[in-house]
Amino acid sequence: MDTHVVEKNGMRIAVVKSNNMIISDEQSVVDFIAKVLEETGCDRIIVSKDIVPEEFFDLSTRLAGSILQKFVNYNVKIAFVGDFSSYPSKSLRDFIYESNNGNDVFFVQTEEEAFNKLKAV
């Protein structure tokens, strides 16, 4: 896991890069949040969608809800970057739409979009 901080206009956002799955359950989310906060002091994080398992994008598993609830509970904003068009589920598309119109979790295609979403909340 490679973590660095991007700072623009006084806003500090952690960017986490990894080719491996980092978050797989509720405990790994807590560990991830603690590590990023300790290393960067940032409460806004940009990650690749690859840090979560594919089951995350199957809402019937409830994995997304349990994972994302931890970010909300710890008051950490997160933006997932990747191509989400390959998921055919209407409920997932609706979930992504609602998330992107909220203040805590975002699903975008580029890091620049992620940064813009996170700095606006």
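Points worth noting:
- Candidates in region 43-63 are the residues that are free of Cβ contacts under 8 Å to residues at least 24 places away in the same chain and farther than 21 Å from VAL16 by Cα; of these, the one that is surrounded by the most Cβ atoms within 10 Å (Cβ to Cβ) is THR61.
- Test for GLU111: is it free of Cβ contacts under 8 Å to residues at least 24 places away in the same chain and either surrounded by 15 or more Cβ atoms within 10 Å (Cβ to Cβ) or acidic (Asp, Glu) (or both): no
- Residue within region 86-108 that is modelled with pLDDT of 95 or more, touching a helix residue (DSSP H, G or I) at 6+ places or on another chain (Cβ under 7 Å), surrounded by 12 or more Cβ atoms within 10 Å (Cβ to Cβ) and basic (Lys, Arg) present: no
- Any hit, region 55-68, residues being within 21 Å of VAL6 (Cβ to Cβ) and among the polar types (S, T, N, Q): no
- Check on ILE67, buried (at least 18 other Cβ atoms within 10 Å of the Cβ) and farther than 22 Å from ARG12 by Cβ: yes
- Pairs meeting the criteria (first residue in region 64-75 and in contact (Cβ under 8 Å) with a residue 40 or more places away in the chain and more than 16 Å from ARG44 (Cβ to Cβ), second residue in a helix (DSSP H, G or I) and among the β-branched types (Val, Ile, Thr), beta carbons under 6 Å, at least 6 apart or on different chains) are ILE67/VAL29.
- The residue that is farthest from LEU37 (Cα to Cα), counting only those in region 1-18 that are polar (S, T, N, Q) and within 16 Å of the chain's Cα centre (by Cα), is SER18.
- Filter result (modelled with pLDDT under 95 and farther than 15 Å from ILE67 by Cβ) within region 13-47: LYS17, SER18, ASN19, ASN20
- Top-ranked residue in region 70-83 [being touching a Phe, Trp or Tyr at 6+ places or on another chain (Cβ under 9 Å) and under 18 Å from SER18 (Cα atoms); ranked as surrounded by the fewest Cβ atoms within 10 Å (Cβ to Cβ)]: GLY82
The values are calculated or read from the model by the stated rules, or taken from the named source; none is laboratory data. Everything quoted here is computed from the prediction, not taken from an experiment. In this analysis, Cβ positions are derived from the backbone assuming ideal geometry, glycine residues included, and neighbour counts consider all displayed protein chains.
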